[in-house]
Every structure is written in C-alpha cells, then in structure tokens.
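Here's the structure we're looking at; comments come further down.
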Amino acid sequence: MRSHAAARSVGALILREMATTYGRTPGGYIWAFCEPIAAVALLAAVFSLAFEAPPLGRDFAIFYATGYLPFMFYSDLSQKIGVALRYSRPLLMYPAVAWFDAILARALLNSATHLVVAFVVLAGMIAISGAPLPNFLMCFAGFILAAWVGFGFGVLNAFLFEFSPVWERVWAILNRPAFIISGVLFLPDAVPAPFDDLIWLNPLVHAISLVRAGVYSGYAPAQLNVFFAIVMPCIAMIFGLMLLRRLGRRLLAQV
C-alpha cells in the first residue's frame with residue numbers, strides 16, 4: 001500500500017512541479033532548450049576568437065556543449081533537490097506525503113528534462129556540423145553520472161539547507177569556481193603538474209570526461225574512473241538520507 005501511495009504522491013508532486021516551473025512563464029519548456037543553446041553559442045563565439053581550434057575536434061560548439069550540458073545537469077539538480085523540502089513544505093504536513101517523495105519528484109522531473117534537452121541540443125549540433133555519430137550509450141552514461149553527482153550532494157543539501165540556512169550561501173560560493181575546475185572549458189588530462197592529479201578528485205570531471213569520450217572516439221583519458229565518481233556522491237547521499245530520516249520531520253515542523 002505504501003508503495004502505491006508513494007507513487008501517487010510522487011506523480012502529483014511532479015505535475016505540480018511542471019505547472020509551477022514551466023507552466024507560468026511564456027514559452028514554458030522552450031526556455032529549457034534556449035538557455036543551454038545560448039550559453040554554448042556564447043562560449044563558442046568567445047573562444048573561437050582566441051583559439052584556432054578547440055582542445056578536441058574542430059567544432060567549438062560541440063566541445064563546449066559536452067562540458068556545459070553535464071555541468072548544468074549536476075548544478076541544477078543539486079540546487080533544486082537541495083530546496084525540495086522548502087518548496088513542498090505545505091504538502092509535507094500531510095501524512096500521505098513523505099519528504100523523500102518531494103526529493104524523488106524533483107529528481108525525476110529535472111533529470112528527464114535535462115536528458116531530453118542534452119540529447120536534442122547535442123544531436124542537433126552534431127547533425128549541423130556533420131561530425132561523426134557519437135557513442136550514445138557512453139554519452140548517456142556520462143549524463144547519468146552527472147545526475148548521480150547532483151542527486152547525491154543534493155540529498156545532503158536538502159538537510160543542510162534546512163538545518164543551517166547559511167550553508168545555502170556557502171554552497172553557492174563554493175560552486176562558483178566549480179564551472180572552471182570541472183573541465184568544462186578545457187581537458188582535465190591537459191592540466192600541468194602538480195594539479196593534474198588534484199583535478200580528478202572532482203567527481204564531475206569524470207562525468208564530463210565520459211560524455212566527451214562518447215562524442216570523440218579517440219578520446220580516452222587514463223585517469224577516468226567511473227567507480228570513484230559514483231562513490232563520493234553515494235557517501236554524501238547516505239549521510240543526507242540518515243540525517244533526514246532522523247531529523248527531517250523536526251526541521252519541517254520549525255517555522
């Protein structure tokens with residue numbers, strides 16, 4: 001019975017999320033496609049003025065799309081899951097709606113949205129440029145890995161954002177340089193010593209590298225470690241779930 005009730009609760013929360021996030025603005029889901037296209041186009045235009053060719057391939061837009069799209073997948077997912085309890089606080093007062101339902105609903109909807117956007121944008125760029133077809137399975141695995149990183153840290157943030165509002169600001173500050181140190185604009189395996197090993201401690205670097213390995217058939221970074229990129233967010237998620245299970249209702253009861 002609980003599984004059926006949870007499925008109905010998650011479904012209702014997803015419909016609410018769709019209506020409030022994309023239903024209130026002119027264009028709705030169109031903006032989900034326009035934003036990454038505009039960002040990638042800007043990056044490609046700026047860096048094409050400074051360099052003759054990107055670090056991989058010949059198309060600037062494809063190279064920066066393979067970094068920007070998985071990064072935004074992680075960034076948006078970790079942020080939206082982090083504020084999921086606050087967003088659904090009135091509904092969580094009902095016994096039929098659990099805190100995990102709110103987290104799962106946001107994770108499912110935003111993951112599906114980002115996957116569709118990433119596929120359409122990346123496939124469109126490849127088709128227009130005439131580049132070789134990518135390894136779609138490897139690209140999909142890279143995006144799922146980016147989603148897993150965002151989900152793991154998002155669950156921990158769901159507790160920390162409620163426990164200490166200051167942490168939300170700290171997290172925003174910590175994530176500002178993440179765009180640079182996650183390998184969006186460059187190849188991590190091209191970083192000189194002594195930082196070449198340190199950059200691979202970022203699990204998002206592995207997700208972006210996996211996407212690029214799928215798009216560029218000759219690219220296979222030796223330090224790419226999918227297992228490592230899975231374990232770190234998993235640890236964060238476990239801590240987040242334990243803390244939410246113990247203190248979640250108490251935090252939600254606070255005004």
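The values are calculated or read from the model by the stated rules, or taken from the named source; none is laboratory data. Just so you know, these numbers come straight off a predicted model, no measurement behind them. Methodologically, a virtual Cβ is constructed for each residue, glycine included, from the backbone with ideal geometry; neighbour enumeration extends over all protein chains shown. Side chains included, ligands, DNA and RNA excluded: accessible areas come from the protein's heavy atoms. Shrake-Rupley method; radii C 1.70, N 1.55, O 1.52, S 1.80 Å.
Things worth noting here:
- Percentage of interatomic Cα-Cα distances in the chain larger than 26 Å: 43
- Residue-normalised accessible area of the chain, given per residue in Å² at a 1.4 Å probe: 52
- Cβ crowding within 10 Å averaged over residues, with 55-61, 222-228, 182-188 ranked highest first: 182-188, 55-61, 222-228
- Test item: Cα-centred dipole of the chain, Lys/Arg +1 and Asp/Glu -1 on Cβ, debye: 1140
- Given their separation in residues at 0.36 nm each and the Cα-Cα distance between them, ALA50 and ALA112 gain 18.8 nm when the chain is fully extended.
- Relative contact order of region 107-255, pairs being alpha-carbon contacts under 8 Å that are 6 or more residues apart, as %: 36
- Relative frequency of Cα-Cα separations exceeding 21 Å in region 57-139, percent: 44
- Estimated inter-spin distance, ILE128 and ASP197, nm [label 7 Å along Cα→Cβ]: 4.3
- The modelled label-to-label distance between LEU247 and TRP31, using points 7 Å beyond Cα along the C-beta direction, is 3.4 nm.
- Computed label-point distance, nm, for sites LEU185 and ASN225 using a 7 Å Cα→Cβ extension: 2.7
- Relative contact order for the chain, counting Cα pairs under 8 Å that sit 6 or more residues apart, in percent: 25
- Additional length obtainable on full extension of the chain from ALA178 to ARG58, 0.36 nm per residue less Cα span: 40.7 nm
- Heavy-atom accessible surface of the chain: percent carbon and sulfur, 1.4 Å: 72
- Other residues within the sphere of radius under 13 Å centred on the Cβ of ALA147, judged by their own Cβ, net out at +1 (K and R +1, D and E -1).
- Long hydrophobic helices in the chain: the complete DSSP H runs spanning 20 Å or more by Cα along their own axis with mean Kyte-Doolittle hydropathy of at least -1.0 are 2-21, 30-50, 60-82, 99-129, 136-163, 226-253.
- Cα-based Rg of region 173-255 normalised by 2.2 N^0.38 Å, two decimals: 1.44
- Selected from VAL117, VAL149, VAL211 as most flexible by GNM, with the chain as the system and alpha-carbon contacts under 10 Å: VAL117
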